[in-house]
1. Using only the alpha carbons of region 81-144, determine the length spanned along each of the three principal axes and report them from longest to shortest in whole angstroms.
2. Would you please calculate the Kirkwood hydrodynamic radius of region 1-51 over all C-alpha pairs and express it in Å, rounded to one decimal?
3. Given H placed on each backbone N at 1.01 Å, which residues far from Met37 in sequence or on other chains put an amide H within less than 5 Å of it?
4. About its Cα centre, what dipole magnitude does region 46-167 give when the only charges are +1 on Lys and Arg Cβ and -1 on Asp and Glu Cβ, stated in debye to the nearest 20?
5. Would you work out the charge dipole size for the chain about its Cα centre, treating the Cβ of every Lys and Arg as +1 and the Cβ of every Asp and Glu as -1, and quote it to the nearest 20 debye?
6. Can you run phi through the Karplus equation (6.51, -1.76, 1.60; θ = phi - 60°) for region 131-136 and list ³J(HN,Hα) in whole Hz, with x for Gly and Pro?
7. Go ahead and set up a Gaussian network model of the chain, Cα springs under 10 Å, then flag whichever of Gly62, Gly90, Gly18 fluctuates most.
8. Order by neighbour count: Thr174, Thr128, Thr29, fewest other Cβ atoms within 10 Å first, most last.
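Every number in this text was worked out from the coordinates using simple rules, so none of it is lab data. A quick note: this is a predicted structure, and the numbers were derived from the prediction, not measured. Here the Cβ positions follow ideal geometry from the backbone for every residue, glycine too, while neighbour counts run over all protein chains shown.
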Amino acid sequence: MSDPIIRVDNVHKSYLMGKEAVPALRGVTIDVARGEMLCLMGPSGSGKTTLLNLLGGLDEPGRGHIVIDGENLVAMKEEQVARLRLQKLGFIFQTFNLLNNFTAFENVEAPMVLAKKLKRKERKVRATLLLEQVGLADRMDHYPSELSGGQQQRVAIARALANDPPIIIGDEMTGDLDSETGFEVMRLIRQLNQEQRKTVIYVTHDPRMADFADRVITMLDGIIHTETVKT
């Protein structure tokens, strides 16, 4: 694989349980191609969420290297990691994690305000466009409590795209949705992956949602157990 956008090299991670170090990852190595859609599966405690947190710069490995779009996370200072998260990573969570006192529009605009790259008028145009792309043009002024679960997740997808990051990280994106809505969300993610060449790496327990990926990695006890390339 030439020029992977994500490179995980011999990564180890342990957590202290009392006085005992319990390994969560035990020498994981993965390359993710630019534009690939990769699914991580495995039982609870297999290490998949730990790996996702490390890729997102939300935690640090005990050993090994993680390179995101040419930048070595392990060598970065905290403020550099925060900048990388803001510019190169978009996060989509199971529980949506929207700001309840912000409208859909304001939730999508928020990452752009933090990035300080666009003027107010430009932010308005982009937030409006993103909400139109996820089918919520008529819900921009609604608060999360006024939206269905599927609509909230669509807002979360638009928010993840706000700063046009090359990588989308999803943690059980359809876990709180019914099957039909879950499929709608995954079709939208796949469309973004194919049309905008976004690299997507996501965790799911649902094998039906894994079918949307180009490649599925199953983890077990902190290691890669199986790897399947979709044809």
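1. Taking the Cα atoms of region 81-144, the three principal extents are 35, 30, 22 Å.
2. Hydrodynamic radius (Kirkwood, Cα only) of region 1-51 equals 12.5 Å.
3. Close amide H contacts, sequence-distant or interchain: Val200, Asp214, Arg215.
4. Magnitude of the dipole: close to 300 debye.
5. On the way: 29 positive and 31 negative charges, 154 e Å.
The dipole magnitude comes to about 740 debye.
6. Using θ = phi - 60°, the values come out as 5, 5, 5, 9, x, 10 Hz.
7. Evaluated over the chain, the most mobile residue of the options is Gly18.
8. Working: Thr174 27, Thr128 16, Thr29 13.
Neighbour counts put them in this order, fewest first: Thr29, Thr128, Thr174.
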